[in-house]
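Chemist: Quick one: the structure is below, questions incoming.
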Amino acid sequence: MKDKFNWANAGNIPSKGYKCGHCGHQLASQVGYTGTVQTSSHNKVHIYICHFCTRPTFFDYGKQIPGAKIGNPILHISNPDVEKLFLEANDCYTIGAYTSAVICCRKLLMNISVEQGAKEGKGFVDYVNYLNDNNFIPPNGKEWVDSIRKLGNEANHKIDFKTEEDSKLILTFTEMLLRFVYEMPGLMKASMNIEVVDPKTE
Ligand SMILES: [Zn+2]
C-alpha cells in the first residue's frame, strides 16, 4: 500500500473534476494550492490534491500533469516485471512520452509471449503472431492485431516519434491482452478458492 500524505497549508480552491493520473479515480477536488503568474498576477494556476490517494496534480492552463492513465488497473498479474512495465508504459503516456510508451508495450508483448512459450530473439510481429496463433487474442481482437502489426512494422523500419493515438492504441491492446492472460484466469482461481472455503457458495 502506498503512503498517504498530509499537505501543509492546502486550502479551499475552486472545485475541479478530473481523473487522477496517480490512482485512476474520477473525482472533484477543491483542496490544493493556487499559484499566480509572476508577470501577470490575475492568471492563476492550481495544484489539486486527490482525496483518494492524496497525490497532487498540476493544472497548467488546462493541461493536466500527470494526465489520466488509459483504462483501469489490472488484477492478478503474477509476473512482477510485467506489472512494473505496464505501469511504466502508462506513466510514459500520462506525461506525453508516447514513443517511450510504445517501446515499453512492445517489450511487454515480448515478455508476455516468451512467458507463454514463444522463443526469445524474435521480431515484434512474430510475438503478436504467436499470441494470435495460440489463442491469447479473442476473435474480436483480430482487428486490433492488424493495427498493432502495422505499428510494429513502422517502429521496426523507421526512426520516428510515436503519436498519442499510436500509444493509446497499443496501450489499449496491451490492457486487453493482460486481462485475458492474467486477470481472467486469476479471477477464476480466486472464485474457486472461495468455493473451497465456503461450500454453501455456489
Ligand atoms: Zn488519486
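Bear in mind that the values in this text are calculations on the coordinates, not laboratory data. Just so you know, these numbers come straight off a predicted model, no measurement behind them. Note: ideal-geometry Cβ built from the backbone for every residue, glycine included; neighbour counts use all protein chains shown.
Chemist: Could you list, by residue number, the cysteines of the chain that have no other cysteine's beta carbon within less than 4.7 Å of their beta carbon?
Modeler: Unpaired cysteines in the chain: CYS92, CYS104, CYS105.
Chemist: Report ³J(HN,Hα) in whole Hz for each residue of region 27-43, in order, from the Karplus equation J = 6.51 cos²θ - 1.76 cosθ + 1.60 where θ = phi - 60°; Gly and Pro get x.
Modeler: Taking θ as phi minus 60°, the curve returns 8, 10, 10, 10, 10, x, 9, 10, x, 10, 6, 4, 8, 8, 5, 8, 8 Hz for region 27-43.
Chemist: Among all helices in the chain defined by DSSP H, which have a length of 24 Å or more along the axis from Cα atoms plus a Kyte-Doolittle mean of at least -0.5? Display every interim value, and only then the final one.
Modeler: Values: long enough: 98-115 (25 Å, 0.82).
Membrane-span-like by this rule: 98-115.
Chemist: Under the rule of at least 5 residues apart or a separate chain, name every residue whose amide H is placed under 5 Å from the amide H of LYS162.
Modeler: It is THR99, by chain and number.
Chemist: Next question. What is the distance, in nm, between label points placed 7 Å from the Cα along the Cα-to-Cβ direction at ALA190 and at PHE136?
Modeler: It is 2.1 nm.
Chemist: Find how much the distance from SER41 to GLU164 grows on full extension, using 0.36 nm per residue of separation minus their present alpha carbon separation; answer in nm with one decimal. Present the calculation step by step, with values, prior to reporting the outcome.
Modeler: Details: separation 123, 0.36 × 123 = 44.28 nm, distance 3.32 nm.
Extra length available between SER41 and GLU164 comes to 41.0 nm.
Chemist: Apply the a/c threshold of 1.5 to the C-alpha gyration tensor of the chain and tell me whether it is rounded, prolate or oblate. Don't jump to the answer; show the numbers that get you there.
Modeler: Values: a/c = 2.96, a/b = 1.43, b/c = 2.08.
Judged from the Cα gyration tensor, the chain comes out oblate (a/c at least 1.5, b/c at or above a/b).
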